[in-house]
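Below: the structure, in structure tokens.
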Amino acid sequence: MKRPKKPFEDTLAAALEAAASLLARREHGARELRQKLSRKGYSSDVLDEALETLQQRDWLNESRYAAFMARHRAGQARGPRWVSAELSAQGIEGEVCAAALNQDDIDWDEACLRAARRLPARDPEPRRRQKLYARGFDAEQIDAALAALAADELA
């Protein structure tokens, strides 16, 4: 049996509750959270106050979100250029973005190698390079990954 929906209230408490529900699932950036709450109908004044409160409580943290996104996308075999562009689209740039991309627990070379292993073996090398570049890896990472694949094929 479904519970009846509560009527919508454009209040700080309601916005904080909705934000907490979203943040409980995963990290969000301020811009992304603002968009989601705005679509629910909260006014910009309420959103401004809610986001400020969330940042003061450290429930909303751009650095933590950027680090989460970098690890998540690296796990999906996306490169640092891809992640940087995605973070930039979310309004996260500069030192916060650089720190997220330079985390010790992210191995971009390994991510590139995983992406290269997923590519069809019948693809010629220029096509493989193009696909890896499109996933956000740089030439050095691509060279290392393709060399490792070639060594695996010879072994």
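The values are calculated or read from the model by the stated rules, or taken from the named source; none is laboratory data. Everything quoted here is computed from the prediction, not taken from an experiment. We place every Cβ from the backbone using ideal geometry, glycine too, and count neighbours over all the protein chains shown.
Residues in segment 91-106 that are surrounded by 19 or more Cβ atoms within 10 Å (Cβ to Cβ) and either touching a residue at least 60 places away in the same chain (Cβ under 8 Å) or not aliphatic (A, V, I, L, M) (or both): Ile92, Cys97.
Remark: Arg31 matches the filter, which requires a residue to be in a helix (DSSP H, G or I), under 27 Å from Asp138 (Cβ atoms) and not aromatic (Phe, Trp, Tyr). For segment 70-86, filtering for residues that are touching a residue at least 40 places away in the same chain (Cβ under 8 Å), part of a helix (DSSP H, G or I) and aliphatic (A, V, I, L, M) leaves 2. Evaluating Arg31 against the criteria (1) in contact (Cβ under 8 Å) with a residue 60 or more places away in the chain; (2) among the charged types (D, E, K, R); (3) within 26 Å of Arg114 (Cβ to Cβ) leaves one unmet condition, (3). The set of residues in segment 120-139 being surrounded by 17 or more Cβ atoms within 10 Å (Cβ to Cβ) and either under 20 Å from Leu154 (Cβ atoms) or of a type outside the set (Lys, Arg) (or both) consists of Arg128, Arg129, Leu132, Gly136, Phe137.
Checked against the criteria, Glu17 does not count as surrounded by 13 or more Cβ atoms within 10 Å (Cβ to Cβ), modelled with pLDDT of 95 or more and not assigned by TED's automatic domain parsing to the domain that holds Arg117.
Taken over segment 33-48, the criterion of being surrounded by fewer than 16 Cβ atoms within 10 Å (Cβ to Cβ) and out of contact with any Asp or Glu (no Cβ under 6 Å at 6 or more places or on another chain) is satisfied by Gln35, Lys36, Ser38, Arg39, Lys40, Gly41, Ser44, Asp45, Asp48. For Leu54, the criteria (1) buried (at least 20 other Cβ atoms within 10 Å of the Cβ); (2) of a type outside the set (Ser, Thr, Tyr); (3) outside the structural domain of Leu22 (by TED's automatic domain parsing) hold in every case but one, which is (3).
Taken over segment 57-68, the criterion of being in a helix (DSSP H, G or I), touching a helix residue (DSSP H, G or I) at 6+ places or on another chain (Cβ under 6 Å) and surrounded by 21 or more Cβ atoms within 10 Å (Cβ to Cβ) is satisfied by Ala66 alone.
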